[in-house]
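Worksheet: one structure, shown below.
The values are calculated or read from the model by the stated rules, or taken from the named source; none is laboratory data. Being a predicted model, the structure only gives us computed values, none of them experimental. When we count neighbours, we look across all protein chains shown, and the Cβ atoms used for this are built from the backbone with ideal geometry, even at glycine. The area values use the complete protein model at the heavy-atom level, side chains included, leaving out ligands, DNA and RNA. Shrake-Rupley method; radii C 1.70, N 1.55, O 1.52, S 1.80 Å.
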Amino acid sequence: MKIGFLFAGQGAQHVGMGKDLYEAYPEFAKVFDDANVDFDIKECCFEGPIEKLGQTRYTQPCMVAFAVGVTKLLQSKGVKPAMAAGLSLGEYSALYASGVFEASQVIDLVAYRGKVMEEAVTGRDVGMIAVMSLDRESIKECCLKAQEEFKDTPYNVAEVANYNTPIQVTVSGDTPVIKRAGELMIEKGARRIVPVAVSGPFHTSLMKPAGDKLAERFKSEIFGEMSFPIIFNSTGRELEEGKTIHEMLELQVQSSVYFEDSIRYMIEQGVDTFVEIGPGKTLSGFVKKINKTMTTYAIEDVASLEATIAALLG
């Protein structure tokens, strides 16, 4: 068995996430109690409302606190991966698991990331769509055509945000442009276009202001060494020679996430068992769509944590 950890990204959050883990495990509770953020992270996670929990500036530290707490519990039982990846925000949780960040540091860092991502597009009509069953080249072609139609307007962005599975790609940008791109994709043969509930055009060029602010912030952050490889979103590979982690994180916020490519690479490296650290089971579902022979576990509460540990160590 060769284990790969997968860390969920924004969109998997739900009210009540982590509450039973908080009550059952003092080590998990300590992560939430020690989180140094400018809002009540326990109240936001456990009681909501979902409208608040779904705002980027709150979602990001809440999700990472959950991931840090679960990672600590797994490590305390001796469950460690050969490598790890995260979807978007989840990349920060993966880097924490590998030893690059301290717990309080990574929660504080993503709280800052969430704020600058919100600020990057304040007042702009933006969104995201999921494209079902259309090839990558056709999707990119439709995005370029839609952008061309809107080139004489100030709002003309439609770009691929996530390559999730062979049959699901997300496109983000200015709402009228992505709507038009979706129409072109249906004409090209896409099976469905589904709106995605996010609060910003993540992983597009519209996030460059956030990337610039993160680059400045990283100058004062201490980055540790990775204890196991992280597969980075923007390349679908391990850290390349000559690149730094802070460069990859600056790039990540404003470029496409190659999640499918990351999973295929991990499988090529011998990973046969994926443990999703949630909440939710989205990434486990993605893995099965990429390669249905893989063994997957998803940890989102006490029951799934205990069952996963028993399966992995039994």
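Can you tell me which residue is surrounded by the most Cβ atoms within 10 Å (Cβ to Cβ) among those in the range 70-100 that are within 15 Å of the chain's Cα centre (by Cα) and in a loop (DSSP other than H, G, I, E, B)? That would be L89. Entry remark, the range 238-265: residues being in a helix (DSSP H, G or I) and either over 20 Å from I3 (Cβ atoms) or open to solvent by 60 Å² or more (accessible area, probe 1.4 Å) (or both) number 9 in total.
Annotation note: of E102, E119, the sole residue that is of a type in the set (D, E) and under 23 Å from E159 (Cβ atoms) is E119. Flag: G200 matches the condition of being within 24 Å of the chain's Cα centre (by Cα), part of a loop (DSSP other than H, G, I, E, B) and closer than 22 Å to Q10 by Cβ. Take G123 and tell me if it is exposed (fewer than 15 other Cβ atoms within 10 Å of the Cβ) and modelled with pLDDT under 95. Judged against the criteria, G123 is a match. Residue pairs whose Cβ atoms lie under 6 Å apart, separated by 6 or more positions or on different chains, with the first residue in the range 87-108 and closer than 15 Å to A8 by Cβ and the second modelled with pLDDT under 95 and open to solvent by 10 Å² or more (accessible area, probe 1.4 Å), are L89/Q10.
Here is a yes/no grid of residues against (1) without any contact (Cβ under 8 Å) to a residue 60 or more places away in the chain; (2) farther than 30 Å from V64 by Cβ:
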{"site": "A130", "(1), (2)": "no, no"}
{"site": "S133", "(1), (2)": "yes, yes"}
{"site": "Q147", "(1), (2)": "yes, yes"}
{"site": "F150", "(1), (2)": "yes, yes"}
{"site": "V157", "(1), (2)": "yes, no"}
{"site": "V160", "(1), (2)": "no, no"}
{"site": "I167", "(1), (2)": "no, no"}
{"site": "G173", "(1), (2)": "yes, no"}
{"site": "A197", "(1), (2)": "no, no"}
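The set of residues in the range 266-289 being open to solvent by 20 Å² or more (accessible area, probe 1.4 Å) and either β-branched (V, I, T) or part of a loop (DSSP other than H, G, I, E, B) (or both) consists of I267, Q269, G270, D272, K281, T282.
On the basis of being in contact (Cβ under 8 Å) with a residue 60 or more places away in the chain and either of a type in the set (D, E, K, R) or surrounded by fewer than 19 Cβ atoms within 10 Å (Cβ to Cβ) (or both), does D34 make the cut? Yes: the conditions hold for D34. Considered as a group, the residues in the range 38-52 that are at pLDDT below 95 and not in a helix (DSSP H, G or I) include one that is surrounded by the fewest Cβ atoms within 10 Å (Cβ to Cβ), and that residue is D38. Of the strands (runs of 3 or more DSSP E) lying entirely inside the range 117-193, those containing at least 2 residues that are of a type in the set (G, A, S) and touching a helix residue (DSSP H, G or I) at 6+ places or on another chain (Cβ under 9 Å) span 168-174. Among the residues of the range 178-218, those that are closer than 30 Å to Y96 by Cβ, surrounded by fewer than 19 Cβ atoms within 10 Å (Cβ to Cβ) and at pLDDT 95 or above comprise S205, K208, P209, D212, A215, E216, R217, F218. Beta carbons closer than 6 Å, at least 6 apart along the sequence or on distinct chains, pair a first residue in the range 54-74 that is within 12 Å of I41 (Cβ to Cβ) with a second that is open to solvent by 10 Å² or more (accessible area, probe 1.4 Å) and of a type in the set (S, T, Y) for V68/Y96. Pairs linking a residue in the range 253-266 that is without any contact (Cβ under 8 Å) to a residue 60 or more places away in the chain to a residue that is polar (S, T, N, Q), with Cβ atoms under 7 Å and 6 or more positions apart or on different chains, are Q254/T204; Q254/S205; S255/S234. Restricting A65, A161, A103, A111 to those that are surrounded by fewer than 20 Cβ atoms within 10 Å (Cβ to Cβ) and modelled with pLDDT of 95 or more reduces the list to A103. Residues in the range 271-297 that are closer than 13 Å to L74 by Cβ and not hydroxyl-bearing (S, T, Y): V275, E276, I277, G278.
Of note, T273 does not satisfy the criterion of being among the polar types (S, T, N, Q) and over 20 Å from the mean Cα position of the chain (by Cα).
Mind checking whether some residue in the range 293-306 is in a helix (DSSP H, G or I), open to solvent by less than 20 Å² (accessible area, probe 1.4 Å) and touching a residue at least 12 places away in the same chain (Cβ under 8 Å)? For the range 293-306, residues in a helix (DSSP H, G or I), open to solvent by less than 20 Å² (accessible area, probe 1.4 Å) and touching a residue at least 12 places away in the same chain (Cβ under 8 Å): present. Screening T235 with (1) part of a loop (DSSP other than H, G, I, E, B); (2) touching a Ser or Thr at 6+ places or on another chain (Cβ under 7 Å) gives one miss only, at (2).
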